[in-house]
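Novice: Once you've had a glance at the structure underneath, I'll fire off some questions.
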Amino acid sequence: MRFDGEPGAMLERYGRNAILRSIFGQSVLALFYRCAGAIVTFAFSVLFARIMSIDEYGVLVSLLPFCFIAGIIGLLGQQTQLLRDIPKLRAQQNYQTITEIASRRLLLTLCGSLAMTVLAGCLFVAGRGRISIFNRPEYAVSLLLIVPLAVIELQNAIGCALGSVYLAIGPKEVLWRLAVAIAGLALFLVSQKPLSAGAVLGIAVLVLWLLVATQQMRVRQIIDWRPLFSLSAVFGRKTAVNFGASVPYWVTSVVNIALPSVDIVVVSIVIGPKAAAYYYAANRIALLLEFFISSFSVPAAPCIAWLHQAGHRAQISRMVSNAALVSCVAVSVGLTALGFAGDLVLRAFGPSFVQAHGLLMLLASGAIGSAYLGLGTPALEMTGHQAAASRIMAVTAFTGIIAMIVATTIFGVWGTAAIAILANLGRKAAIAIHIYAAEGIDITATSAIREQFTALRHKWAGRPATIEGGHNAKPVELQ
């Protein structure tokens, strides 16, 4: 279903449950791409763990998150602003304005990411001889990743806003890792010696720029073969959209990327690349358990903004709460499976990685609470509470990183994992409380659980069931 037109008219035309089913249908497609990305990411991680030394592998998995974080900082929050700007313009088929907005936001992204490349280069110079991941000159190849990572993230946001689940996920999470893995394996077979981190990073730079160029064709197809980026649009007529670095969007986007990855960088700097390699394996496997809720956020984000404009808070609450419940059940099943088969999964990285099984179970257990607390940041941003989201994210990230450094120094990787879990749960709990107080929208699994019990009770009593989407939402009859 295409969300074209005014929200009220769409609800009347298709019905509330039809829209909910459509979003969950898109979530299934997003989940498919996420699963494909998980398989490719797992193969990517295992392959390079096998064809690199443990120290070089630790450097690789530390520098990649470092560059991701730098790229997101360089985006200046432009990708989140596009998620709010484009859906309404797309519904109006106003493609000229889409081109103008995308072009100007691309210019800001290029300026910001180039500035971050220079700053990261300064960190390399300052850290040489002190921090192991900055010690060798070839590791500086990673700096060339920052700009293409920022640009491809911007393209992903545009694809998501235009309703393409594939463009929102496929290029960055599936294609680039697959291409890097194939090229790295080919280089290993030719050279017959372990690969260096610098060689793999160089391959990644070439692959990312190739993807940035090729996926433009798919985006242009969606907007009737009109140019997505145009130099004339940058200096053309002024639109009503405010262009600049939105601090709230900037903070939330940086923290969203940094929180799942900064712990790896902290372990690498405080303890060393070898410990980071083991921690990375446990961390990446544990993150797989949150796939449903992260997949759901791809189609849900523009729909939440669309429904909120019409004041249909009950629909938002019902949609995100049901997603949280399904995600919570899926995580519980996955956690049980890891309890029995976690050693086998870790052994794929190499026999020595089995020692990270306890760490894996600790990180995975935190995913249950995270899934229960629901969608999180996108719900606040898409309902106009980006300032509150940025405050929550900034406070939890700052305190979490400081506590993580201290805990890692004292307790090692166990302290890192414990603080990472607590910081994530604290952030999501604060977000859930704020959006319920401000909008009456329950993003946790609580409303969905209550709805299921209410439906069962009414079924036994022979009465129609109703649900409520919050303290200021009207009851909606279940069809």
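The values are calculated or read from the model by the stated rules, or taken from the named source; none is laboratory data. These numbers were taken from a predicted model, which means no experiment stands behind them. Virtual Cβ from ideal backbone geometry, glycine too; neighbours counted across all protein chains shown.
Novice: So for the range 247-255 (the condition being touching an Asp or Glu at 6+ places or on another chain (Cβ under 8 Å), crowded, with 22+ Cβ neighbours inside 10 Å and at pLDDT 75 or above), does at least one residue qualify?
Specialist: no
Novice: If we only count helices (runs of 4 or more DSSP H) wholly inside the range 153-229, which ones have 3 or more residues that are at pLDDT 80 or above, over 19 Å from the mean Cα position of the chain (by Cα) and surrounded by 18 or more Cβ atoms within 10 Å (Cβ to Cβ)?
Specialist: Filter on the range 153-229 gives 176-191, 197-214.
Novice: Taking the conditions exactly as written (more than 24 Å from the chain's Cα centre (by Cα) and under 27 Å from I304 (Cβ atoms)), does A367 satisfy them or not?
Specialist: no
Novice: Given the criterion modelled with pLDDT of 85 or more, surrounded by fewer than 20 Cβ atoms within 10 Å (Cβ to Cβ) and of a type in the set (S, T, Y), identify the matching residue among S62, S53, S45.
Specialist: S53
Novice: Mind listing just one residue for me: the one in the range 142-175 that is among the small types (G, A, S) and in contact (Cβ under 8 Å) with a residue 60 or more places away in the chain and, of those, farthest from Q79 (Cα to Cα)?
Specialist: S142
Novice: Can you tell me which residue among T446, T416, T396 is in contact (Cβ under 8 Å) with a residue 24 or more places away in the chain and farther than 19 Å from I264 by Cβ?
Specialist: Unique residue meeting the criteria: T446.
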